[in-house]
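Asker: The structure's right below; bear with me while I get my questions together.
The values are calculated or read from the model by the stated rules, or taken from the named source; none is laboratory data. Since the model is a prediction, treat every value here as computed from it, not as a measurement. Cβ atoms come from the backbone with ideal geometry, glycine included; neighbour counts cover every protein chain shown.
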Amino acid sequence: MSSEQQLIDMLRSVVSDELILRSNQVAALDPGWDSGNTGAGVAVRPRNTEDVSAVLKICNDQSIPVVTHGGRTGLAGGAVSTPGQIIMLTDKLQGDIDIDPMERVALVSAAVTQQALQEAAAQHNLSLGIDTASRGTATIGGMISTNAGGMEAFRHGMMRQRLLGIEAVLADGSVISDLTRVPKANEGYDLKQLFCGAEGTLGVVTRAVIKLETADPESSTTLLAVPGAASALNIMRTVQQSGGLLLCEMMWHGYATRVARATGLTNVLSFCEDAPAYLIVESSLNEDSLLVLLEPFFESGDVLDAVMAKSKKESADIWRIREDSQAAYQQLENPALFDISIPLGKLDSYMQDLQQRLGQMQGDIELQALAHLGDGNLHLSMGRDDPWSDNEKEALGIAVEYGVKEMGGAVSAEHGIGLDKLDIFERNTRHPNLQAMAAIKAALDPNGILNPGKVLSAG
Ligand SMILES: Cc1cc2nc3c(=O)[nH]c(=O)nc-3n(C[C@H](O)[C@H](O)[C@H](O)COP(=O)(O)OP(=O)(O)OC[C@H]3O[C@@H](n4cnc5c(N)ncnc54)[C@H](O)[C@@H]3O)c2cc1C
């Protein structure tokens, strides 16, 4: 392993000194969601694609591993770094947000945050088509690299569907540049898609062309208490059929009440405190039209009760309960996080079976669950008083993954694999599929310098 000074000397041979961060400067960075992110101790802050290329070339020549960082909001350990590695910070990569409202595309640097692009698009009455609670910090480079999904994915797709063109630097410093601005481009293998969800293991994304959508119209927020996912899905489809559904998020009781208490917003749930689950419907329909649609669901028992936000503050409070997942998560002892997708019709039975499997395990396990309902994407957090042994952690993963692939779901939905999901991913992926991925990795990064050990354990 190279010493800090050796790594700094190597970097100084290709970029100017002020772009290199020493261990004391790296330690002062906010590590983000995972305290292991800043473990490497040395970082480089390239200003442009040429700097990225020069750094990767010399790291490749000297077999020094590089871990790329965007906003460090990733939830799968994909940005974790260790001593002897170099962190590639992308936050200072130059480039304006260049929007063409007629084409409805944006050319952006990987450093641009989700929110900055959302706000720039809004000035043209356009939208990014993706929204996550990490919007203020997550970068376009990180969102491409994790194939981010979020709350609008059921309408507009994930990052993969937004990506028209890419510029990325490969391990040997060569630059793949395909800044195509049009959706129809059948020009051989679709290289840009390789970087989508690759979590920095195949190259460093420096620029991208992103497809934009028409901005959403004025909307209202309704919070519904529901008995379960089947009811929530019926409501969702009905509002969607009317053309007025913008967002549809579900929270099970344990999660919603934890956040409400932690944020001092218990009043938001007081209209129906004991509901098994809550559904947030953001809709462009006026109040009367929405009530007409919901009426039969009150009669059938699919809606236990409901409240419609009467002000921006009431709407923001409802959304705070959905988005402040950290407030709930922080109250869990020994938390374990999962992010899976279940075919919609199986959501209720999956949740019931999961509760049963957890009940058979040691200790009193608290389960917090929420869903991007339209995608069947469940975020599950579990905790208990006693720490998990390695065997118990594996058993927990097996309890979560049970039957998921067989029913056509996915064991990682939108957060990626990183380090944290390697075991569940490799257990549930066919050997030929893993071999094909390893062959792509070996072809593009033969020395294995790019984010080694992430996505593929042997990578
Ligand atoms: C409160 C909260 C809510 C969230 N909600 C959602 C959600 O609804 N949907 C969702 O999909 N995710 C969600 N996330 C997860 C996270 O925001 C996304 O994974 C996001 O895309 C990560 O972007 P980032 O810039 O922070 O990347 P980082 O965390 O810095 O990096 C993530 C991975 O991408 C790699 N990487 C970063 N930049 C580049 C680059 N330029 N080139 C190559 N590789 C790169 C890193 O090496 C790492 O493997 C949430 C996170 C939080 C904290």
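Asker: Answer yes if at least one residue in region 94-103 is within 12 Å of the ligand (Cβ to nearest atom), modelled with pLDDT of 95 or more and among the hydrophobic types (A, V, I, L, M, F, W, C), and no otherwise.
Answerer: No, region 94-103 contains no residue that is within 12 Å of the ligand (Cβ to nearest atom), modelled with pLDDT of 95 or more and among the hydrophobic types (A, V, I, L, M, F, W, C).
Asker: Please specify each residue of region 52-62 satisfying the condition of being closer than 24 Å to L179 by Cβ and touching a strand residue (DSSP E or B) at 6+ places or on another chain (Cβ under 8 Å).
Answerer: V52, S53, V55, L56
Asker: Right, something else. Given the criteria at pLDDT 95 or above and either under 18 Å from the mean Cα position of the chain (by Cα) or assigned by TED's automatic domain parsing to the domain that holds L202 (or both), does L56 qualify?
Answerer: Answer is no for this residue.
Asker: Cβ-Cβ distance below 8 Å, separation of 6 or more or different chains: which pairs start in region 397-416 with a residue that is over 19 Å from G383 (Cα atoms) and in a helix (DSSP H, G or I) and end on one that is within 16 Å of the ligand (Cβ to nearest atom) and among the charged types (D, E, K, R)?
Answerer: Every condition considered, no pair remains.
Asker: Check whether at least one residue in region 37-52 is away from the ligand (no atom under 14 Å from the Cβ), free of Cβ contacts under 8 Å to residues at least 24 places away in the same chain, in a loop (DSSP other than H, G, I, E, B) and not assigned by TED's automatic domain parsing to the domain that holds T201, and report yes or no.
Answerer: no
Asker: Quick check on R207: is it more than 30 Å from A120 (Cα to Cα) and buried (at least 20 other Cβ atoms within 10 Å of the Cβ)?
Answerer: So R207 does not fit the description; no.
Asker: Here's a follow-up. What are the residues in region 123-156 that are assigned to a helix (DSSP H, G or I) and more than 24 Å from Q326 (Cα to Cα), if any?
Answerer: R155, H156
Asker: Check L75 against each of (1) part of a loop (DSSP other than H, G, I, E, B); (2) within 10 Å of the ligand (Cβ to nearest atom); (3) crowded, with 22+ Cβ neighbours inside 10 Å and name the one condition it does not meet.
Answerer: (3)
Asker: Looking only at region 124-142, count how many residues are under 17 Å from H372 (Cα atoms), among the aliphatic types (A, V, I, L, M) and within 10 Å of the chain's Cα centre (by Cα). Step through it out loud before you land on a result.
Answerer: At the first step, the residues of region 124-142 found to be under 17 Å from H372 (Cα atoms) are 129-135.
Still in the list and also among the aliphatic types (A, V, I, L, M): 130, 133.
From what's left, within 10 Å of the chain's Cα centre (by Cα): 133.
Result for region 124-142: 1.
Asker: Identify all residues within region 278-324 that are free of Cβ contacts under 8 Å to residues at least 24 places away in the same chain and among the β-branched types (V, I, T); write none if there are none.
Answerer: Result: V292, single match.
Asker: I'd like the full set of residues that are polar (S, T, N, Q) and either touching an Asp or Glu at 6+ places or on another chain (Cβ under 9 Å) or part of a strand (DSSP E or B) (or both), limited to region 222-253. Please lay out each step first, then the result.
Answerer: Restricting attention to region 222-253, the residues satisfying the condition of being polar (S, T, N, Q) are 222, 231, 234, 238, 240-242.
Scanning region 222-253 gives T222, S231, N234.
Asker: Can you tell me how many residues within region 130-140 are buried (at least 24 other Cβ atoms within 10 Å of the Cβ) and within 15 Å of K211 (Cα to Cα)?
Answerer: Going through region 130-140 one residue at a time, the tally reaches 2.
Asker: Would you kindly identify the helices (runs of 4 or more DSSP H) lying entirely within region 285-385 that contain at least 1 residues that are away from the ligand (no atom under 16 Å from the Cβ) and β-branched (V, I, T)?
Answerer: Filter on region 285-385 gives 287-300, 312-323.
Asker: Of A260, A256, which residue is in contact with a Phe, Trp or Tyr (Cβ under 7 Å, 6 or more places away or on another chain) and assigned to a helix (DSSP H, G or I)?
Answerer: Working: A260 fails: in contact with a Phe, Trp or Tyr (Cβ under 7 Å, 6 or more places away or on another chain).
It is A256.
Asker: Right, here's the next one. Mind listing just one residue for me: the one in region 401-422 that is away from the ligand (no atom under 12 Å from the Cβ) and in contact with a helix residue (DSSP H, G or I) (Cβ under 7 Å, 6 or more places away or on another chain) and, of those, farthest from S349 (Cα to Cα)?
Answerer: My answer is V411.
Asker: When both residues are 6+ apart or on different chains and their Cβ atoms are under 6 Å apart, which pairs have a first residue that lies in region 142-169 and is farther than 20 Å from Q240 by Cα, and a second that is within 8 Å of the ligand (Cβ to nearest atom) and modelled with pLDDT under 95?
Answerer: From residues that are farther than 20 Å from Q240 by Cα, there are no pairs.
Asker: I'm checking my understanding of the structure. Among residues of region 173-204 that are in contact with a strand residue (DSSP E or B) (Cβ under 6 Å, 6 or more places away or on another chain) and within 10 Å of the ligand (Cβ to nearest atom), which one is nearest to G157 (Cα to Cα)?
Answerer: The residue in question is F195.
Asker: Does L285 meet the test of being farther than 16 Å from S219 by Cα and surrounded by 15 or more Cβ atoms within 10 Å (Cβ to Cβ)?
Answerer: No, not satisfied.
Asker: While we're here: Given (1) in contact (Cβ under 8 Å) with a residue 40 or more places away in the chain; (2) within 15 Å of the ligand (Cβ to nearest atom), where does F425 come up short, assuming only one miss?
Answerer: (1) is the only condition that F425 fails.
Asker: Looking at region 9-32, which of its residues are assigned to a helix (DSSP H, G or I) and in contact (Cβ under 8 Å) with a residue 24 or more places away in the chain?
Answerer: Correct list: M10, L11, L19, V26.
Asker: Now for a different question. Tally the residues that are within 21 Å of L247 (Cα to Cα) and part of a loop (DSSP other than H, G, I, E, B), restricting the search to region 96-122.
Answerer: The qualifying residues number 0.
Asker: Looking at the structure I just gave you, is V67 assigned to a helix (DSSP H, G or I), closer than 21 Å to E167 by Cα and within 13 Å of the ligand (Cβ to nearest atom)? Steps first, answer last, please.
Answerer: Details: assigned to a helix (DSSP H, G or I): no; closer than 21 Å to E167 by Cα: yes; within 13 Å of the ligand (Cβ to nearest atom): yes.
Judged against the criteria, V67 is not a match.
Asker: Can we say E282 is over 14 Å from A229 (Cα atoms), part of a strand (DSSP E or B) and outside the structural domain of L419 (by TED's automatic domain parsing)? Spell out how you get there, then give the answer.
Answerer: Values: over 14 Å from A229 (Cα atoms): yes; part of a strand (DSSP E or B): yes; outside the structural domain of L419 (by TED's automatic domain parsing): yes.
Yes: the conditions hold for E282.
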